[in-house]
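To keep things clear, I will list the structure first and then write my remarks on it.
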Amino acid sequence: MAIEIAVETPLQDDVRRLVAELNETLLDLTPPEFCFHLTVEQMAEPATTLFVARENGGAVACGALHRHEGGIAEVKRMYTQPSHRGRKIGQMIVERIERLAREEGIAKLVLETGDRHPAAWAVYERAGFTRCGPVLDYPDSQWSVFYEKDIAASPAVA
């Protein structure tokens with residue numbers, strides 16, 4: 001079945017379950033003090049747009065654009081259920097996030113991910129993100145890997 005991706009509210013039961021899976025996965029890999037989660041309530045605020053991927057009506061993946069001051073936005077809450085990995089759903093969500101950021105005139109996308117998430121690194125690197133030092137107000141730690149992409153000067157994703 002086809003994957004459908006749309007902007008949705010995080011305040012839905014199946015999206016809450018998906019985010020709970022994401023949180024559990026992150027806490028298995030990273031100490032809690034180095035997990036920088038947005039809650040579903042925070043994701044429902046105007047500064048954040050959540051994309052949800054669905055198959056047969058069920059939420060199977062998500063990712064968000066979280067806006068900051070100064071023309072910077074952050075890629076947050078990226079997650080694909082294990083049963084749906086390897087199908088480029090994360091890539092499709094990152095493309096939607098970047099497209100929205102460009103439409104809004106955002107100049108730079110940044111993100112923080114974990115040091116034990118090589119599949120996530122591959123998604124971001126394929127999308128043209130490059131590793132960098134700490135972004136925004138994140139601490140520099142062994143648990144974090146940071147990426148950035150200047151979208152004001154780079155060609156649009158397909």
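Some observations on this one:
- Total residues in region 108-135, condition of a type in the set (D, E, K, R) and crowded, with 16+ Cβ neighbours inside 10 Å: 2
- Subset of region 132-152 (residues that are outside any loop (DSSP other than H, G, I, E, B) and either under 25 Å from residue 82 (Cα atoms) or without any contact (Cβ under 8 Å) to a residue 12 or more places away in the chain (or both)): 144, 145, 146, 147
- Criterion: on the phi < 0 side of the Ramachandran plot, outside any loop (DSSP other than H, G, I, E, B), among the hydroxyl-bearing types (Ser, Thr, Tyr) and buried (at least 16 other Cβ atoms within 10 Å of the Cβ) - qualifying residue of 25, 49: 49
- Going through (1) surrounded by fewer than 16 Cβ atoms within 10 Å (Cβ to Cβ); (2) under 14 Å from the mean Cα position of the chain (by Cα) one by one, residue 73 falls short only on (1).
- Test for residue 33: is it of a type in the set (D, E, K, R), part of a helix (DSSP H, G or I) and either farther than 23 Å from residue 130 by Cβ or under 14 Å from the mean Cα position of the chain (by Cα) (or both): yes
Residue-wise test of (1) among the small types (Gly, Ala, Ser); (2) part of a helix (DSSP H, G or I); (3) modelled with pLDDT under 95; (4) farther than 18 Å from residue 147 by Cβ.
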| site | (1), (2), (3), (4) |
| --- | --- |
| 79 | no, no, no, no |
| 90 | yes, yes, no, no |
| 93 | no, yes, no, no |
| 97 | no, yes, no, no |
| 101 | yes, yes, no, no |
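- Counting only residues that are at negative phi and surrounded by fewer than 19 Cβ atoms within 10 Å (Cβ to Cβ), region 97-107 holds 6 of them.
The values are calculated or read from the model by the stated rules, or taken from the named source; none is laboratory data. Please read these numbers as outputs of a predicted model, since none were measured by experiment. Reconstructed Cβ throughout: ideal geometry from the backbone, glycine too, with neighbour counts over all protein chains shown.
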